[in-house]
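First the structure, in the form of structure tokens, and then the observations on it.
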Amino acid sequence: MNRKDRQNREGRTVLRIAGTVLAALFFLTVLLTACGTTVQQRPAGSLVAEASGESSESETADEEKAGAETESDHSETEMQPAYAADAEIGNRLGEAEWEWRYRDDPQMLSELTGNVWTEAAYDDAGWLSGRGSFGSYEGKREEIADGLKPDICLRQYLPDGKNVPVYYFRARFWAEKPEADTVYDARIVYDDSVIVYLNGTPVHYGNVPVGGYASSDAYGCNEILGDPREETIAVDGGLLKQGANILTVELHQANESSSDIYFAMSGLSSDEDRVAVLRNDTVCLGIGADETQMLVTWQGRGEEGYVEAVKAEDAKGGMPENARTYPAEKAYENEWNTDTFRAVLTDLEPGEEYAYRVVDKAASEIYTFRMPEKGDFSFIVNGDPQIVDESDTRPMENYETLFNYAAQGTEPAFILTLGDQSDKRDDEGLFIRYLSMPLSHEYPIAALVGNHENGSDTFSRFFYMPNMDRETIDTSGDMSGDYWFFRNHTLFLCLNTNETDAAVHEAFLERARAACLERFGEPVWTAAAFHHSLFSVGSHAESDNILARRESLVPLLEKADVDVVFMGHDHTYVRTFLMDGTRPDGEMVSEVTDPDGIVYFTLNCPTGTKYYDVSEKEFDYTAVGLQHYLPEMARVDVTDTTFEITVYEKQKDDSVIPVDFFKIIKTGN
């Protein structure tokens, strides 16, 4: 269940306590203890992760869990088995994330004696449940270490103010055909100490004190941890049962006054399982060199790879045997034990929907895409996605919410993303999080290299662009150069502005325009895109390197007959006046006809991960400057006479509204 599902469930609260008034008072007394706030009883099945990116940084466990929903009073006579049937087990061997049942209440210290709770038959119907990471810092859901903030806040304190000494977690999972000679492992991050059991047998001890624990509810650890520790748990496949299994964890606090507690653990999977997940999550479409092509890249494993594709109407029962096969090249052998494959799909028909899958050592799921019609078209453009946490799904939920709203009434031809998809240049997990959105499998992505991605070829291992200019490729790999493409009377010029040598870009612009004229004729529109904003109101607006780029690039853009420029980098929104060189030339309008100049757009972050404050200085080039600290995305609609840009923001209540609009009209086309 994702966070949106949790949010829907957390909005309702039902309190059902059976028994006498004395029993009710007992429950209320206990429930007054967590994180210093009064809460209602939290039944099994309630998910308590943060509902949205805009939630308060100081939520307590009780505030987050007060919205829980109960389906029974959990009295002894009415309590149902934790899992009524094996078919109801949601977790699967090989999945990256599991749902956990857990307890963090004071009653458990007296109720959970011995190790009976580690057994599959134990009834945990009254336990809480959730996905993601669990923890608390001084009783609140706050950052425990740099970039490490729990999804779910654990109750940290007993009624006497001391720390809860131990927490219990259970994850029942289904193993269809476990391989006895295969090692299955999981990533665990914890603070302060853990013991992990598989089907009741200990399989991992993490930072456990010498001699173990005198009782299951004891404090203690081998060494005090400054930050949570990450380890890998390896399990011999022979220990797994075919069918239902149970993985359990006891998480111990170091002492009664420790400031924090933390637990996060992936599901058990094999190396092949992880490659299978990556094969699906990293399938990324790229825009073709012409209107009959589609590029495909993915992470897989094997000596050879290919793509199978067919018209979608012919793949309703699965991929047919007569599907066309497109060979792939192996572009990289990656450090994270996968290979990067790339394929070019050709001879595709305008307006047709295709089904496809990628194949290397194994096959991916079947995905679909639609080729754009000839003539008028739309596309989506966004500023820096800047994914900072591969385990956090909320940024891409913001992204998809904006996309779905902006794309209403049209089928976008592609997504133009302006760099810094990842916050760290060599962190493949951040790129994978960005690409795991279904949109990357359905719409081609034209990506730019941001400054946070510059200097590592990780960017090039995940994206595939057309007409790559080999003379401008830098240290970010073979997809890091300037490139261009043509769509329905519009020429797109994409620059890697990490390269500051203007002569390099000038030569590319000349080559690109010449190639476009030869293959497609004179474009009606010319749009340029690059990462570094030349005209912004954010923190980089007056940086020396930005001013130098402005001075060198603006004349080149004018020489290339550019109409519109899209930029990122500054995490604010700016639309300039119509610009004559670096000088504003015109009034504040939302529509111009046959202009002589360029309009520059700087787009804000579409995921909500990072924003920059607006400078107090007023800049004469700014027609519209906004910083609402909200996720943002733009839709562009293009005809042979009009070029319209509509900018949208996602509000805190998840609604989406337009915040700016600009239209260029050309007559005589």
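The values are calculated or read from the model by the stated rules, or taken from the named source; none is laboratory data. What you are looking at is a predicted structure, and each value in this text was computed from that prediction instead of being measured. Backbone-built Cβ (ideal geometry, glycine too); neighbour counts: all protein chains shown. For the accessible areas, the whole protein counts, side chains as well, though only heavy atoms, and no ligand, DNA or RNA atoms are used. Shrake-Rupley method; radii C 1.70, N 1.55, O 1.52, S 1.80 Å.
Mind counting the residues in region 116-148 that are in a loop (DSSP other than H, G, I, E, B) and farther than 26 Å from PHE173 by Cβ? Break it down into steps so the answer makes sense when it comes.
From region 116-148, those in a loop (DSSP other than H, G, I, E, B) are 119-127, 132-133, 138-139, 141-144, 146-147; that's our starting set.
Going one step further and asking which of them are farther than 26 Å from PHE173 by Cβ, we end up with 138-139, 141-144, 146-147.
Result for region 116-148: 8.
The selection criterion, being at pLDDT below 90, surrounded by 20 or more Cβ atoms within 10 Å (Cβ to Cβ) and either touching a Phe, Trp or Tyr at 6+ places or on another chain (Cβ under 6 Å) or under 30 Å from ASN337 (Cβ atoms) (or both), holds for ARG279.
In region 650-658, is there at least one residue being within 17 Å of SER536 (Cβ to Cβ) and either touching a Ser or Thr at 6+ places or on another chain (Cβ under 8 Å) or charged (D, E, K, R) (or both)?
Narrowing region 650-658 to residues within 17 Å of SER536 (Cβ to Cβ): none.
No; the residues of region 650-658 include none that is within 17 Å of SER536 (Cβ to Cβ) and either touching a Ser or Thr at 6+ places or on another chain (Cβ under 8 Å) or charged (D, E, K, R) (or both).
Look at (1) within 22 Å of the chain's Cα centre (by Cα); (2) on the phi > 0 side of the Ramachandran plot; (3) of a type outside the set (S, T, N, Q) and you find that ASP594 fails only one, number (1).
Out of all the residues in region 530-540, is one or more open to solvent by 50 Å² or more (accessible area, probe 1.4 Å) and touching a residue at least 60 places away in the same chain (Cβ under 8 Å)? It would help to see each step written out before you state the result.
From region 530-540, those open to solvent by 50 Å² or more (accessible area, probe 1.4 Å) are 539; that's our starting set.
The next check asks that each one be touching a residue at least 60 places away in the same chain (Cβ under 8 Å); those that pass are 539.
Yes, region 530-540 contains a residue that is open to solvent by 50 Å² or more (accessible area, probe 1.4 Å) and touching a residue at least 60 places away in the same chain (Cβ under 8 Å).
Selection of region 551-577 for residues being in contact with a strand residue (DSSP E or B) (Cβ under 6 Å, 6 or more places away or on another chain) and open to solvent by 20 Å² or more (accessible area, probe 1.4 Å) yields ASP561, ASP563, PHE577. Only one entry of VAL183, VAL194 meets the criterion of being touching a residue at least 60 places away in the same chain (Cβ under 8 Å), out of contact with any helix residue (DSSP H, G or I) (no Cβ under 8 Å at 6 or more places or on another chain) and among the aliphatic types (A, V, I, L, M), and that entry is VAL194.
Among the numbered conditions (1) farther than 30 Å from THR325 by Cβ; (2) open to solvent by 20 Å² or more (accessible area, probe 1.4 Å), the only one that PRO395 does not meet is (2). Looking at (1) farther than 18 Å from THR118 by Cβ; (2) assigned to a loop (DSSP other than H, G, I, E, B), find the lone condition where ASP185 falls short. ASP185 satisfies every listed condition except (2).
Within region 255-363, which strands (runs of 3 or more DSSP E) (wholly inside it) include 1 or more residues that are within 30 Å of SER193 (Cβ to Cβ)?
Values: elements: 260-265, 284-287, 294-300, 305-311, 324-333, 339-345, 353-359.
It comes to 260-265.
For region 412-432, filtering for residues that are under 26 Å from GLU353 (Cα atoms) and modelled with pLDDT under 95 leaves 1.
Take region 195-254 and flag every residue that is on the phi > 0 side of the Ramachandran plot and either touching a Ser or Thr at 6+ places or on another chain (Cβ under 9 Å) or among the charged types (D, E, K, R) (or both). Break it down into steps so the answer makes sense when it comes.
Of region 195-254, the ones on the phi > 0 side of the Ramachandran plot are 199-200, 207, 211-212, 220, 243.
The answer is ASN199, GLY200, ASN207, GLY220.
Pull up region 217-235, narrow it to residues that are surrounded by fewer than 18 Cβ atoms within 10 Å (Cβ to Cβ) and of a type outside the set (D, E, K, R), then point me to the one that is nearest to ILE246 (Cα to Cα). Among residues in region 217-235 that are surrounded by fewer than 18 Cβ atoms within 10 Å (Cβ to Cβ) and of a type outside the set (D, E, K, R), the one nearest to ILE246 (Cα to Cα) is ALA234. Of all residues in region 127-144, those satisfying the criterion of being over 21 Å from GLU97 (Cα atoms) and out of contact with any Phe, Trp or Tyr (no Cβ under 8 Å at 6 or more places or on another chain) are TYR137, GLU138, LYS140, GLU142.
Here is a check on your reading of the model: is LEU247 open to solvent by less than 40 Å² (accessible area, probe 1.4 Å), among the hydrophobic types (A, V, I, L, M, F, W, C) and over 31 Å from the mean Cα position of the chain (by Cα)? Criteria not met by LEU247. Of all residues in region 398-424, those that are touching a strand residue (DSSP E or B) at 6+ places or on another chain (Cβ under 8 Å), at positive phi and open to solvent by 10 Å² or more (accessible area, probe 1.4 Å) total 0.
Has region 121-130 got at least one residue that is over 21 Å from GLU111 (Cβ atoms) and either open to solvent by less than 70 Å² (accessible area, probe 1.4 Å) or at pLDDT 95 or above (or both)? I'd like the intermediate steps shown before the answer.
Narrowing region 121-130 to residues over 21 Å from GLU111 (Cβ atoms): none.
No; the residues of region 121-130 include none that is over 21 Å from GLU111 (Cβ atoms) and either open to solvent by less than 70 Å² (accessible area, probe 1.4 Å) or at pLDDT 95 or above (or both).
In region 421-449, the residues that are closer than 15 Å to LEU402 by Cβ reach residues that are of a type outside the set (Ser, Thr, Tyr) and open to solvent by 30 Å² or more (accessible area, probe 1.4 Å) with C-beta atoms within less than 8 angstrom, at least six apart or across chains, in these pairs: MET437/GLU400; PRO438/GLU400; LEU439/GLU400. If you go through region 578-621 and keep only what is touching a helix residue (DSSP H, G or I) at 6+ places or on another chain (Cβ under 7 Å), open to solvent by less than 50 Å² (accessible area, probe 1.4 Å) and not small (Gly, Ala, Ser), you end up with ILE598, PRO606, THR607, THR609. Take the conditions (1) over 21 Å from ASP570 (Cα atoms); (2) touching a Gly at 6+ places or on another chain (Cβ under 6 Å); GLU471 misses just one of them, which is (2). For region 103-146, what are the residues that are of a type in the set (Ser, Thr, Tyr), in contact with a helix residue (DSSP H, G or I) (Cβ under 8 Å, 6 or more places away or on another chain) and under 19 Å from ASN199 (Cα atoms)? Result: TYR122, single match.
Which residues, taken from region 149-182, are assigned to a strand (DSSP E or B), over 18 Å from GLU97 (Cβ atoms) and of a type outside the set (A, V, I, L, M, F, W, C)? Matches in region 149-182: TYR157, ASN163, TYR167, TYR168. Each residue in region 194-209 was checked for being under 13 Å from GLY220 (Cα atoms) and β-branched (Val, Ile, Thr), and 3 pass.
Listed here are the residues, each with its yes/no results for (1) at pLDDT 95 or above; (2) surrounded by 21 or more Cβ atoms within 10 Å (Cβ to Cβ).
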{"residue": "GLN293", "(1), (2)": "yes, no"}
{"residue": "VAL296", "(1), (2)": "yes, yes"}
{"residue": "LYS311", "(1), (2)": "yes, no"}
{"residue": "LYS316", "(1), (2)": "no, no"}
{"residue": "ARG324", "(1), (2)": "yes, no"}
{"residue": "GLU329", "(1), (2)": "yes, no"}
{"residue": "GLU333", "(1), (2)": "no, no"}
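Contact annotation: residue pairs with Cβ atoms under 6 Å, 6 or more positions apart or on different chains, pairing a residue in region 257-276 that is more than 21 Å from GLN299 (Cα to Cα) with a partner that is open to solvent by 30 Å² or more (accessible area, probe 1.4 Å), are SER259/GLU138; ASP260/TYR137. Looking across region 388-421, the residues that are among the hydrophobic types (A, V, I, L, M, F, W, C), in contact with a helix residue (DSSP H, G or I) (Cβ under 8 Å, 6 or more places away or on another chain) and closer than 25 Å to TYR600 by Cα come down to PHE403, ILE415.
Selection of region 458-511 for residues being in contact with a helix residue (DSSP H, G or I) (Cβ under 7 Å, 6 or more places away or on another chain), surrounded by fewer than 24 Cβ atoms within 10 Å (Cβ to Cβ) and among the small types (Gly, Ala, Ser) yields SER476, GLY477, ALA502, ALA507. TYR434: farther than 30 Å from GLY521 by Cβ, open to solvent by 10 Å² or more (accessible area, probe 1.4 Å) and aromatic (Phe, Trp, Tyr), yes or no? Spelling it out, it is not the case that TYR434 is farther than 30 Å from GLY521 by Cβ, open to solvent by 10 Å² or more (accessible area, probe 1.4 Å) and aromatic (Phe, Trp, Tyr).
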